[in-house]
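Heads up: the structure comes next, in structure tokens.
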Amino acid sequence: MISVGDKLPAATLTRIGEEGPEPVALQDLTSGRTVAIFAVPGAFTPTCHSAHVPSFMRTKDQLAAKGVDEIVCIAGNDPFVMKAWGEATGAADAGITMLADAECTFTDAIGMRFDAPPAGLIGRSKRYAMVVKDGEVKILHLEESPGTCEVSAGEGLLDAL
């Protein structure tokens, strides 16, 4: 599992752009920048939808004041779902970047894969938040339970900065 001090692995995630799905190289997104990344088990799932995303919408300005250039949400859904979820929650309008890790490649590479077959969640992510500066993990908050959003909430990350 990834730890504080580790560099993020090379990974390409996906978002919906003006012409459809487009790749986003995580290295390009974090190079020379400070980025808050949070991951959720799934778009539209209860805790993710009602607690995790809203926590970063509430704290976006305070995180920016502490040097965070961008906030990125990652989930193991397809980019169409992530776009719809960003619109439904207001995260897209708030400036939060919604990225899909549909094949779970990045999530697997950092050791954060989560599977819960009874809930229909396969190839998903554990709930976490991290601050990455120039590709290096500076802060990492991992939840013990996928249904909990405390240390990985925007407020938890803000308190750690």
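The values are calculated or read from the model by the stated rules, or taken from the named source; none is laboratory data. Keep in mind it's a predicted model, so treat the numbers as computed, not measured. Cβ: placed from backbone, ideal geometry, glycine included. Neighbour counts: every protein chain shown. Side chains included, ligands, DNA and RNA excluded: accessible areas come from the protein's heavy atoms. Shrake-Rupley method; radii C 1.70, N 1.55, O 1.52, S 1.80 Å.
Structural remarks
- Taking segment 1-31 as the range and being aliphatic (A, V, I, L, M) and more than 17 Å from VAL137 (Cα to Cα) as the test, the residues that pass are LEU13, ILE16, VAL24.
- Scanning segment 37-54 for residues that are crowded, with 18+ Cβ neighbours inside 10 Å and farther than 20 Å from HIS141 by Cβ yields one hit, ALA43.
- For segment 93-118, the set of residues classified as over 26 Å from LEU63 (Cβ atoms) and either free of Cβ contacts under 8 Å to residues at least 24 places away in the same chain or surrounded by 23 or more Cβ atoms within 10 Å (Cβ to Cβ) (or both) consists of GLU103, ASP108, ARG113, ASP115, PRO117, PRO118, listed by residue number.
- One residue from PRO9, PRO21 being touching a Ser or Thr at 6+ places or on another chain (Cβ under 8 Å) and either at pLDDT 95 or above or surrounded by 14 or more Cβ atoms within 10 Å (Cβ to Cβ) (or both): PRO21
- SER50 fulfils the conditions (1) in contact with a strand residue (DSSP E or B) (Cβ under 9 Å, 6 or more places away or on another chain); (2) without any contact (Cβ under 8 Å) to a residue 24 or more places away in the chain except for a single criterion, (1).
- Selection count where residues are among the polar types (S, T, N, Q), over 17 Å from GLY95 (Cα atoms) and in a helix (DSSP H, G or I), scope segment 25-59: 3
- Filter pass, LEU121 being over 18 Å from MET57 (Cα atoms), in contact (Cβ under 8 Å) with a residue 12 or more places away in the chain and open to solvent by 40 Å² or more (accessible area, probe 1.4 Å): no
- If you go through segment 1-24 and keep only what is assigned to a strand (DSSP E or B) and more than 14 Å from the chain's Cα centre (by Cα), you end up with LYS7, ILE16, GLY17, GLY20, PRO21, GLU22, PRO23.
- Just one of the listed residues (THR34, THR30) is closer than 19 Å to ASP69 by Cα, open to solvent by 10 Å² or more (accessible area, probe 1.4 Å) and touching a strand residue (DSSP E or B) at 6+ places or on another chain (Cβ under 6 Å), and it is THR34.
- Residue in segment 60-71 that is at pLDDT 95 or above, open to solvent by less than 20 Å² (accessible area, probe 1.4 Å), over 20 Å from CYS104 (Cα atoms) and assigned to a helix (DSSP H, G or I) present: yes
- Of all residues in segment 24-50, those satisfying the criterion of being more than 21 Å from GLY123 (Cα to Cα) and modelled with pLDDT of 95 or more are GLN27, ASP28, LEU29, THR30, SER31, GLY32, ARG33, THR34, VAL35, ALA36.
- Among all residues of segment 69-91, there is at least one that is touching a Pro at 6+ places or on another chain (Cβ under 7 Å) and under 21 Å from MET112 (Cα atoms).
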